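All remarks here apply to the structure that follows.
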There are 2 protein chains.
Amino acid sequence: MINDTMYARGAESSVIREIFTYANERKAQIGAENVFDFSLGNPSVPAPDEVRQSIERSLKLPPEQVHGYTPAPGAPEVRTAVAESLNRRFGTNYTMADVFMTVGAAASVSCTLGAVTCPGDEVIVIAPYFPEYRVWIETAGAVCIEVLADQETFQVDPEAVATAITDRTAAVIIDSPNNPTGAVYTRENLEKLADVLERANAEREVRLGHPQPIVLISDEPYREITYGAEVPWVPSLYEHTVVCYSYSKSLSLPGERVGWVLVPQVSEGARRVMTAVAGTARSLGFVCAPSLFQRVVMDCVDVPSDVAAYARNRDLLTQALSQMGYTYVEPGGAFYLWVRALEPDAEAFCERARAYELLPVPSNSFGVEGWVRVGYCVAPEVIERSLPAWKRLAEDYGL
Amino acid sequence: MINDTMYARGAESSVIREIFTYANERKAQIGAENVFDFSLGNPSVPAPDEVRQSIERSLKLPPEQVHGYTPAPGAPEVRTAVAESLNRRFGTNYTMADVFMTVGAAASVSCTLGAVTCPGDEVIVIAPYFPEYRVWIETAGAVCIEVLADQETFQVDPEAVATAITDRTAAVIIDSPNNPTGAVYTRENLEKLADVLERANAEREVRLGHPQPIVLISDEPYREITYGAEVPWVPSLYEHTVVCYSYSKSLSLPGERVGWVLVPQVSEGARRVMTAVAGTARSLGFVCAPSLFQRVVMDCVDVPSDVAAYARNRDLLTQALSQMGYTYVEPGGAFYLWVRALEPDAEAFCERARAYELLPVPSNSFGVEGWVRVGYCVAPEVIERSLPAWKRLAEDYGL
């Protein structure tokens, strides 16, 4: 009969969507130029022209060749192109067998979670975290365990992860460059995390005869959106890593739903994980990644992301907010600024910001208190025009 | 830890895929023209030129307008175009609120099943049936109950459905024009089924105070592929119908993954179902239907399907097999011929057919014994060249 959990998840008004709706109403009332909507994560940079060129080339081919089903894991030539691009960048030796094309990063993560958890297992997320992780973890029948990031740097806190690991821990999800904080996890930080996981695996194997290592799910939709920081290749630091990727941000194709799961086929266990990813994709109703955009990925796999516009926005926003006395996490990547709310209650702070037509997202949506997320994937004019409002808001709090 | 159910579903070699692989190997050995692969359901008719024109128009727009996220239920103008097209065809009064755009028919069915079942509920399928129904039913935590179709006409057997209904029956899935049999359920047949469901609803309401009606899931990817038969509009016959649709066959876009769920918003219960469909889509990791192909749907919503090629194949195949003494179900729609195997064991029959390079799919894959599915969505030359082989196979069995 009607499934109450699914009903509740459909009815739940996403805070971000609610802000977006409010912004549009307010724009209609007082003019779009007077409302400063920082709630969204929709890339403001257009898809590169190579995408259009790729589509036009495909339109010259017989349509049944372009629009037909591909095999469930994706077209072999597309998977090979992805593997070879990774090999060029990271000195790896992947082949198409390591790559499973998906219907975007959401599908990458939900298919991976279904594959590597059994009902009752635990999955650790690093708070603040992308709120859909909890939904997908619970859909897999697993339990979402929140572990706070270091609250100064918003790096992973390896010792806090170590403390949270239990005999039921199946996976840890990380997301760097991070949504919502913009932090990029350093190589040193990830090495410490890998150490923690390896120690836990060894300990569990000895004590429980438990052969199953903890899987590190590295969700990387923002890998290409960085401002000079190194984004280490996680499988080179920890063997049992599954990488989830999407072209939503790197090629500005969020609506087209195309990405991949990479499970390096280095062991019998890894081969079983990849087979279970395929089984989960099948079970959830994914048939194949959209075929035309698989071809776009093949053609554009090495097209660089245009981060210059985001970098300019970031500099503009951070310089101004810094002068006004706001504190924030220096964003190494993604297009979010994580700003400390000027009172402990982030929702109250956002209410007060709303009086100045400023619309950031309160940190409660991401599982922590006292901060806001300011998405700067907007036109630079929006940031420029918003600065007096940020200034007045700061003054309001006596800064 | 690794989920054994998901692993098994990934490892399970689909019979159809296995035949396809065998066919390709055999073609390499003896020449493609000598192997008669009737295993597939990939449309052989190319996508209409209007699809290419629509994509070219979209490529002239700013890319962020074309490739950005749409709202989760789909772009409003696309949902409106779908509703209005249905209204023109079926005299209905749908609006965008009744339509949820999906990542193809598989997603339509899996999201509907998640919405209208709770763990332990039962879902009735009409055997022979599309084998993924079982996978999606079980993924939702429900139980798949097989009810045989009438074994002469392959219409629904309403009394058999009535017998199978229990207090846990949440839904019945029908699929007309049918895969695998090609049967199109008549208006009379569907009216009888509606009567059975309404009687069961009334009886359960009185006895259990059970307000929840049985949902009829009408999966209609082949609606447009018919040879003169009427395909009744099921919601006009039974109120609690959810229609699942895809453009895979009608516009020959199977790889692009775009379709919809229609839940007519006629009652509070129906509104709850639609909300739960949205919640299930979110839970499984569907974010929105691919955005460029949503626009294609909007532009091509009334483009007729080119069924002439399938009709010619059907006539060619049925006339020849009939003369040779085969019996089959007269196909009213889809592009499959359901042929009685010439011995009780369909798999043994397929083995023998393989000696003549004929590759149909045994009925066991669809939950029944003694038949084979012959997919005639192939080039007409394949059918023509295969006829001597069908003849020799018949002679082999003494026909």
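Quick note: the coordinates plus some simple rules give every number you see, no bench work behind them. The structure displayed is predicted, hence computed values, not measured ones. Glycine also receives a Cβ, built like all others from the backbone with ideal geometry; neighbour counts cover every protein chain displayed.
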Given label points at 7 Å from Cα along Cα→Cβ, what nm distances, shortest first, separate A:Gly325 from the same residue in every other copy? 9.8
Inter-part gap, Cα centre of the range A:371-399 to Cα centre of the range B:1-46, in whole angstrom, is 57 Å
Roughly what % of DSSP beta bridges within chain B run antiparallel, to the nearest 5? 45 percent
Quick one: what are the phi-derived ³J(HN,Hα) couplings along the range A:334-348, Karplus 6.51/-1.76/1.60 with θ = phi - 60°, whole Hz, x for glycine and proline? 6, 10, 10, 10, 9, 10, 6, 5, 8, 8, x, 8, 5, 5, 5
DSSP loop trypsin sites (Lys or Arg not before Pro) in the range B:18-84 with at most 10 other Cβ atoms within 10 Å of their Cβ, which ones? B:Lys60
Given a Förster distance of 56 Å, report the FRET efficiency between B:Glu384 and A:Gln151 from their Cβ-Cβ distance, rounded to the nearest 0.05. 0.15
Averaged over peptide A:266-274, how many Cβ atoms belonging to another chain are found within 10 Å of each residue's Cβ? 2
In whole Å, what is the distance between the alpha-carbon centres of the range B:228-266 and the range B:53-81? 21 Å
Have a look at the DSSP beta bridges in the range B:69-300 and tell me what percent are antiparallel, nearest 5. 30 percent
For the range A:311-326, just list the computed ³J(HN,Hα) in residue order, Karplus coefficients 6.51, -1.76 and 1.60, θ = phi - 60°, integers in Hz, with x standing in for Gly and Pro. 4, 5, 4, 4, 5, 4, 6, 5, 4, 5, 5, 4, 4, 7, x, 6
Could you check the simple spin-label distance between B:Thr166 and B:Tyr397, using points 7 Å along Cα→Cβ, in nm with one decimal? 3.6 nm
Label geometry 7 Å along the beta-carbon vector: B:Glu230 inter-copy distances in nm: 7.3
Which value at 222 nm does chain B reach when only helices count, each DSSP H run of 4 or more adding -39,500 (n - 2.57), with the total divided by all residues and rounded to the nearest 500 deg cm²/dmol? -14000 deg cm²/dmol
Can you give the average number of partner chain beta-carbon atoms within 10 Å of each beta-carbon in peptide A:44-56, as a whole number? 3
Ranking of A:Val339, B:Val296 by count of other Cβ atoms within 10 Å, fewest first: A:Val339, B:Val296
Can you give the longest run of chain B that contains no GluC sites (Glu not before Pro) sitting in a DSSP loop with at most 16 other Cβ atoms inside 10 Å? B:13-151
Using only the alpha-carbon atoms, how far is helix A:268-284 inclined from the longest principal axis of chain A? Give it as 0 to 90 degrees, nearest 10. 60 degrees
Amide H contacts of A:Tyr328 (H built 1.01 Å from N, under 5 Å, at least 5 apart or other chain): A:Arg340
Fewest-first sequence of B:Met101, A:Met96 by Cβ atoms within 10 Å of each Cβ: A:Met96, B:Met101
Which distances, in nm and shortest first, link the A:Glu198 label point to the same label point in every other copy, taking 7 Å along Cα→Cβ? 7.0
Roughly speaking, what is the centre-to-centre gap between the range A:138-202 and the range B:168-202 when only Cα atoms are used, to the nearest Å? 50 Å
Between B:Ala142, B:Ala171, B:Ala320, which gets the highest mean-square fluctuation from a Gaussian network model of chain B, Cα cutoff 10 Å? B:Ala320
Once amide H atoms are placed 1.01 Å from N in the peptide plane, what residues at a sequence separation of 5 or more from B:Leu337, or on another chain, have their amide H within under 5 Å of its amide H? B:Val374, B:Gly375, B:Tyr376
Computed FRET efficiency, Cβ-Cβ of B:Glu33 and A:Glu159, R0 45 Å: what is it to the nearest 0.05? 0.10
Against the longest alpha carbon principal axis of chain B, how many degrees, from 0 to 90 and to the nearest 10, is the axis of helix B:49-59 turned? 50 degrees
Comparing B:Pro360, B:Pro131, B:Pro71, which has the greatest mean-square fluctuation in the GNM of chain B with Cα pairs linked when under 10 Å apart? B:Pro71
Computed on Cα atoms only, the convex hull of the range A:49-300 has an orientation-averaged projected area in nm² of 13.1 nm²
Determine, for B:Leu208, B:Leu358, B:Leu216, the number of other Cβ atoms within 10 Å of each Cβ, and report the residues in order from fewest to most. B:Leu208, B:Leu358, B:Leu216
Could you work out the mean count of beta carbons from other protein chains within 10 Å of each residue's beta carbon in A:133-144? 2
Within-12-Å neighbourhood charge of A:Phe293 [Cβ basis; K, R +1; D, E -1]: 0
So what are the three principal axis dimensions of the range A:1-125 from its Cα atoms, in whole Å, longest to shortest? 53, 46, 36
Rule-of-thumb Rg ratio for the range A:58-204 [Cα; 2.2 N^0.38 Å; N residues]: 1.24
Cross-link pairs beyond the 24 Å C-alpha cut-off, checked among A:Lys60/B:Lys27; B:Lys249/B:Lys391; A:Lys60/A:Lys249; A:Lys60/B:Lys60: A:Lys60/B:Lys27; B:Lys249/B:Lys391; A:Lys60/A:Lys249
Return the long-range amide H neighbours of B:Asp121 (sequence gap of 5 or more, or a different chain), with a cut-off of under 5 Å between placed amide H atoms. B:Val143
The protein assembly as shown, Cα convex hull volume normalised per residue, Å³: 165 Å³
Measure off 7 Å from each Cα along the Cα-to-Cβ vector at B:Glu56 and B:Phe20, then give the distance between these two points in nanometres to one decimal. 3.1 nm
Report, in degrees rounded to the nearest 10, the 0 to 90 angle that the Cα long axis of helix B:15-30 makes with the longest principal axis of chain B. 40 degrees
On full extension of the chain, what length is gained from A:Arg340 through A:Glu77, given 0.36 nm per residue of separation minus the C-alpha to C-alpha distance? 90.0 nm
Where does the charge balance sit around A:Val231 when Lys and Arg score +1, Asp and Glu -1, over other residues with C-beta under 12 Å from its C-beta? -1
